[in-house]
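Chemist: First the structure, then my questions, so here it is.
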Amino acid sequence: MHRTYDHKSIEDKWQKRWQQEKLYEVHEDTSKKKFYCLIEFPYPSGEGLHVGHVRSYTALDIIARKRRANGYNVLYPIGWDAFGLPAENYAIKTNIHPAVTTKKNTDTYRRQLQSLGFSFDWSREINTTDPAYYKWTQWIFLQLFKKGLAYKAKTLVNWCPSCKTGLANEEVVDGACERCGTGTEKREREQWMLAITKYADRLYDDLDPLDFWEQIKTQQRNWIGRNKGVEIDFPIDTNDTKSNEKITVFTTRPDTLFGATYLVLAPEHPILTQLQNSISNWKEVEGYCKQARAQKDIERTAQGRKKTGIELFGISAENPANGERIPVWVADYVLSQYGTGAIMAVPAHDVRDFEFADIFNLKKIMVVCPHYPKKTCPVLDSAYTGDGHMVASGDFNGQTNAEAAKNITAFVHGRERVTYKLRDWVFSRQRYWGEPIPIINCPTCGFVPVPEEQLPVRLPMIENFKTNDAGESPLAGATDWVNTTCPSCEGLAKRETDTMPNWAGSSWYYLRYTDPHNSNTFSSTEALAYWTPVDWYNGGMEHTTLHLLYSRFWHKFLFDEKQVPTSEPYAKRTSQGLVLAEGGAKMSKSKGNVINPDDMVERFGADTLRLYEMFMGPFDQAIAWSIDNMVGCRRFIERVWRLQEKVKQDAILDEDTSTLFHSTIEKVGTDIEQMHFNTAISSLMILTNHLEKVSSIPEKAYKDLLLLLAPFAPHITEELWSFLNEKKSIHTHPWPLSDVHTALPKTVTIVVQINGKIRGTLLLPSQSAETAVREAAEKNENIAKNLNGKTIKKIIFVKEKLINFVLL
RNA sequence: GGGCGGGUGGUGAAAUUGGUAGACACGCUAGCCUUAGGAGCUAGUGCAGUAAUGCAUGGGAGUUCGAGUCUCCCCCCGCCCACCA
């Protein structure tokens, strides 16, 4: 009977068998309730699988396995998000084609993932670089183009001088390129854009009913940055004549209008050139604007940077509230992309304006007074941004600032407006390793979509992967490919050489999983109707504002096009915490502190690694790696292994053990659903510790233990299961049932307190009434001693918990 | 500056509605066993104290019979965003 636990042979054996038996393949089955759980498919980097991947994938693997045991038809798919910069940068260095690198890396990842025993349906494996896949990425782009949601525009884009490519705002971190860390610049370029801002309101409002973790919703809302405010016109006076020009500002504080002592324009504001003849110091102004634009983002937004600006001589604006003439300035602290690119400055009530006014000696007027009632109010030492009552505001004096906001807006004919921080999505990349944008540039017809029957537009094989000096994609060098005929007029034309960003393929991949081999459509109506939406999606917090928002946008578009049956792609979204190196630093190749999952599987086994990653801390928290603690998980499964010697078919469970079993079944089930994996495992350890103390274990009970452990440690439980003459896999067996009554303990410990201090405990039958508990307490020696001669003022009794004697 | 998390033993951490703080695990200590191992078993392990007992959940106040949990003030750490009017 006794066999030693050899993780390597056991894990190899079962992984092969599961594959042969196609244990985890699923098909639509309308007789069963579906459950679609999804992890973010990995980018197959050269470094191989990260232990952070293992944490996320194990968590959903546990949930997938538990839901299968609950009778659900579970889809848990996997694939590769394989377009992207590292493979291309590697190609530039070594001249090895990205397709070759990608093939090699996906093979490594596949082997690694399979060695961990995840219950993926490998028959649905997808790859974003597969033409049969990106055909549909291109197809979706064409639908966006046909609806006017993909357009080409000359915009200031973030430019990385090292990667020689344009970057989305989201790829610029602290003014530097997310990938290589080089400071980015602003460049003007024709770029393909996607009009995500048209969906801003729906992306914002539709979050409410979703089962996303609250922090994820909040982050998306902040990113969309919806803000309600007012547009107000300020007429412009030139020195000579009254012109008809006006400057429109956006403000969220119309109540402070009487305190607006100057206007500020962004250096890019178009009215500057319109008014240049009236601006007497135009040369200096022009110089300032040029300088501001040339600055790198990192310089322009550096923290603690002193504000700069220049006054426009020769023109002034009129405050529409009181008719006063106020100066107009240009300063780079005003952003051209937000609001109207112009602000009314209220130094007394805005921290930035306060700072600016201090530097240039501009007037401050206090109009919202924190104390009431008052006729006047001195300017404070810093900007006052709170609420109060109006002063120095004409007819509006004495009103609360909330009332005044409405009234002043009406008085100056302000227009209510909603603004967003969200910008349209820069969708062009001057890169090779991405999906070609399926557009043909025709000198006579303009931008012509490639006819759908000609999709996919295949990425041609090239030899030089470098962006050329003009900043064009390497595809520009593939002249045979670039030169083509216009589908519309049949004249000579050129293909678009920009490619898509790697967010493209990941914006819809979860749809392809539902029907991955379909060549007529990206997925059949039936498959989509059955599987969508994704029921549970887990991934990194770092993707909350990028990938998650982009894919919600694409999905909503496809919903509007009647291509998908739901308006949201994901019903539930959760996130795992980071896995850090020992000591708490981030894992990185350069620091040499990366833990390779292969080593862990080799030394401890996949089951131990999985358990360890789930046990070591709360799932949503960052966790530092610890080899020492992994040993504890290995010991735990070895103890379960050794318990097999105690299994006797005719053994009978005593009452305590039976109670513990049922409460453990309860706890493990609910803990898994709440992602409290650490406490689920701890309760299994408690059960195991207890079983070590009983003389023999009934086979049925041991099987229940294995069933509870199976989602966490699928291999060892399958092996032990097979020892019990079970022919079918443990992973096809239903989840054990708990009996609520048996789960309730027969006796409970009651705490006895005197004046709130613990003076003893009593072991009493559960459900004992107050009188019985009091009687027992008073018989207790220590309690009696403490109560002796004292008057009881009050008794607090909490059933099943405590009795507290409050003495005078 | 804004948003969101956190702060509990030597360590990772537990703790329904306020009700035995430290479950579970690592480490450590002592003992046992041995085919000497990255093994197993038994007992112990918040701090102080021989003990009774006292003190302990970042700090301070408060509410309560009773606070890790609720309220107020303050300090510190992490992540994300940030001259967004």
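Chemist: How far is the Cα center of region A:669-727 from the Cα center of region A:479-554, in Å?
Modeler: Answer, in whole Å: 42.
Chemist: What translational diffusion coefficient, to the nearest whole µm²/s, does region A:131-208 have by Stokes-Einstein, given a Kirkwood radius computed over alpha-carbon pairs, a temperature of 4 °C and 1.567 mPa s viscosity?
Modeler: In µm²/s, the coefficient is 89.
Chemist: Right, another one. With only Lys, Arg, Asp and Glu charged, each at its Cβ (+1 for the first two, -1 for the last two), find how big the charge dipole of chain A is about the Cα centre; round to the nearest 20 debye.
Modeler: It works out to roughly 1240 debye.
Chemist: Counting pairs of alpha carbon atoms under 8 Å apart in space and at least six apart in sequence, what relative contact order in percent does region A:498-630 give?
Modeler: So the answer I get is 22 percent.
Chemist: With every protein chain kept in the model, how would you rank A:ARG221, A:ARG573, A:ARG423 by accessible area, 1.4 Å probe, largest at the top?
Modeler: Details: A:ARG221 45, A:ARG573 0, A:ARG423 75 Å².
Descending order: A:ARG423, A:ARG221, A:ARG573.
Chemist: According to the Cα gyration tensor, what semi-axes, each the square root of 5 times an eigenvalue, does the equivalent ellipsoid of region A:372-481 have, listed from largest to smallest in whole Å?
Modeler: Taking √(5λ) for each eigenvalue gives 62, 19, 12 Å, largest first.
Chemist: Can you tell me the relative contact order of chain A? Whole percent, Cα pairs under 8 Å, sequence separation 6 or more.
Modeler: Over chain A, the number comes to 14 percent.
Chemist: Which percent, to the nearest 5, of DSSP beta bridges fully inside chain A are antiparallel?
Modeler: Details: 70 of 96 bridges.
Roughly 75 percent of the beta bridges in chain A run antiparallel, per DSSP.
Chemist: Step through the table entries A:LYS146/A:LYS494; A:LYS648/A:LYS700; A:LYS164/A:LYS589; A:LYS217/A:LYS572, compare each Cα-Cα distance with 21 Å, and write down the pairs that go over it.
Modeler: Beyond 21 Å between Cα atoms: A:LYS164/A:LYS589.
Chemist: Checking a compactness column here: for region A:519-574, what do you get for Rg(Cα) / (2.2 N^0.38 Å), N being the number of residues?
Modeler: That ratio works out to 1.18.
Chemist: Moving to a separate point now. Please compute P(r) over all alpha-carbon pairs of region A:706-758, binned at 10 Å starting from zero, and give each bin as a whole-number percent.
Modeler: 20, 29, 18, 15, 12, 6, 0
Chemist: Any idea how far apart A:ASN95 and A:THR747 come out in nm if each label point goes 7 Å out from Cα toward Cβ?
Modeler: According to this spin-label approximation, the distance is 8.2 nm.
Chemist: Tell me the per residue accessible area of chain A using a 1.4 Å probe; a whole number in Å² is fine.
Modeler: Result: 45 Å² per residue.
Chemist: Across every pair of different alpha-carbon atoms, what Kirkwood hydrodynamic radius in Å does region A:168-284 reach?
Modeler: 19.0
Chemist: Translational diffusion coefficient of region A:654-726 at 10 °C, 1.306 mPa s, Stokes-Einstein with Kirkwood Rh over Cα pairs, in µm²/s as a whole number.
Modeler: 126
Chemist: Using a Förster distance of 35 angstrom, determine the FRET efficiency expected from the C-beta separation of A:ASN227 and A:ARG325, and round it to 0.05.
Modeler: 0.75
Chemist: In addition: Could you tell me how many degrees, from 0 to 90 and to the nearest 10, lie between the Cα long axis of helix A:131-146 and the main elongation axis, the longest principal axis, of the Cα atoms of chain A?
Modeler: Helix A:131-146 sits at roughly 40 degrees to that axis.
Chemist: Provide the gained length on full extension for the span A:ASP650 to A:LYS104, in nm with one decimal, where the gain is 0.36 nm per separating residue minus the Cα-Cα distance.
Modeler: Details: separation 546, 0.36 × 546 = 196.56 nm, distance 5.40 nm.
Contour length minus the Cα-Cα distance gives 191.2 nm.
Chemist: To the nearest 0.05, what FRET efficiency results for A:LYS728 and A:SER695 with a Förster distance of 25 Å applied to their C-beta separation?
Modeler: 0.25
Chemist: Then there's this: In what order, largest first, do A:LYS586, A:LYS746 sit by accessible area if the probe radius is 1.4 Å?
Modeler: A:LYS586, A:LYS746
Chemist: I'd like to know which of A:GLN295, A:HIS733, A:ILE365 lies farthest towards the positive end of the charge dipole of chain A, counting +1 on Cβ of Lys and Arg and -1 on Cβ of Asp and Glu.
Modeler: The residue sitting farthest along the positive end of the dipole is A:HIS733.
Chemist: Taking the 0 to 90 degree range and rounding to the nearest ten, how far is the long axis of helix A:627-643 tilted relative to the main principal axis of chain A, both from C-alpha atoms?
Modeler: Here the helix axis deviates by roughly 30 degrees.
Chemist: Still on this structure, I have one more. Go through A:ALA743, A:GLY446, A:ALA345 and say which Cα lies farthest out towards the positive end of the charge dipole of chain A; charges sit on Cβ, +1 for Lys and Arg, -1 for Asp and Glu.
Modeler: A:ALA743
Chemist: Using the alpha-carbon atoms, what tilt in degrees (0 to 90, nearest 10) does helix A:214-224 show relative to the longest principal axis of chain A?
Modeler: Tilt relative to chain A: about 10 degrees.
Chemist: Can you pull a Stokes-Einstein diffusion coefficient for region A:574-678 at 37 °C (0.692 mPa s), Rh from Kirkwood over Cα pairs, as a whole number of µm²/s?
Modeler: In µm²/s, the coefficient rounds to 203.
Chemist: Given a 1.4 Å probe and the protein chains all in place, what does the accessible area of A:ASP650 round to, in Å² to the nearest 10?
Modeler: A:ASP650 has an accessible surface of roughly 130 Å² with all protein chains in place.
Chemist: A further question follows. Note down the accessible area of A:LYS13, probe 1.4 Å, to the nearest 10 Å².
Modeler: 80
Chemist: Could you work out the relative contact order of region A:91-188, using alpha carbon pairs under 8 angstrom and six or more residues apart, expressed as a whole percent? Mind showing how you got there, number by number?
Modeler: Values: 64 pairs, mean separation 16.2, N = 98.
This gives 17 percent for region A:91-188.
Chemist: Which listed residue (A:ILE783, A:THR717, A:LEU763) has the Cα farthest towards the positive end of the charge dipole for region A:711-808, taking +1 on Lys and Arg C-beta and -1 on Asp and Glu C-beta about the Cα centre?
Modeler: Ranked along the dipole, the leading option is A:ILE783.
Chemist: Also: Treating the beta-carbon of each Lys and Arg as +1 and of each Asp and Glu as -1, no other charges, what is the dipole magnitude of region A:32-83 about its Cα centre, to the nearest 20 debye? Don't skip to the answer; put the middle values down first.
Modeler: On the way: 8 positive and 4 negative charges, 123 e Å.
With Lys and Arg at +1 and Asp and Glu at -1, about 600 debye.
Chemist: Shifting gears a bit: So what's the gap between the Cα centers of region A:128-205 and region A:67-89, to the nearest angstrom?
Modeler: 24
Chemist: Next question. How long is region A:685-808 along each principal axis, judged by its Cα atoms, biggest number first, in Å?
Modeler: Projected onto its principal axes, the Cα set of region A:685-808 covers 70, 24, 21 Å.
Chemist: Using a 1.4 angstrom probe and counting only protein chains, how large is the accessible area of A:ARG634 in Å², to 10?
Modeler: A:ARG634 has an accessible surface of roughly 40 Å² with all protein chains in place.
Chemist: Hey, another quick one. What does the convex hull of the Cα atoms come to per residue for chain A, in Å³?
Modeler: Hull volume normalised by residue count: 235 Å³.
Chemist: Ok, one more. Computed from the mean reciprocal separation of all distinct C-alpha pairs, what Kirkwood hydrodynamic radius does region A:60-142 have, in Å?
Modeler: Hydrodynamic radius (Kirkwood, Cα only) of region A:60-142 equals 14.9 Å.
Chemist: May I pose another question? May I have the convex hull volume per residue, in Å³, for the Cα set of region A:1-72?
Modeler: Working: hull volume 12.1 nm³, N = 72.
Value for region A:1-72: 168 Å³ per residue.
Chemist: Can I ask one more? Roughly how large, in nm² to one decimal, is the mean projection of the convex hull of the alpha-carbon atoms in region A:488-593?
Modeler: Over all viewing directions, region A:488-593 projects a mean Cα-hull area of 11.2 nm².
The values are calculated or read from the model by the stated rules, or taken from the named source; none is laboratory data. On a predicted model such as this, the values are computed, not experimentally measured, just so you know. Cβ atoms come from the backbone with ideal geometry, glycine included; neighbour counts cover every protein chain shown. These area figures cover heavy atoms from the full protein model, side chains too; ligands, DNA and RNA do not enter into them. Shrake-Rupley method; radii C 1.70, N 1.55, O 1.52, S 1.80 Å.
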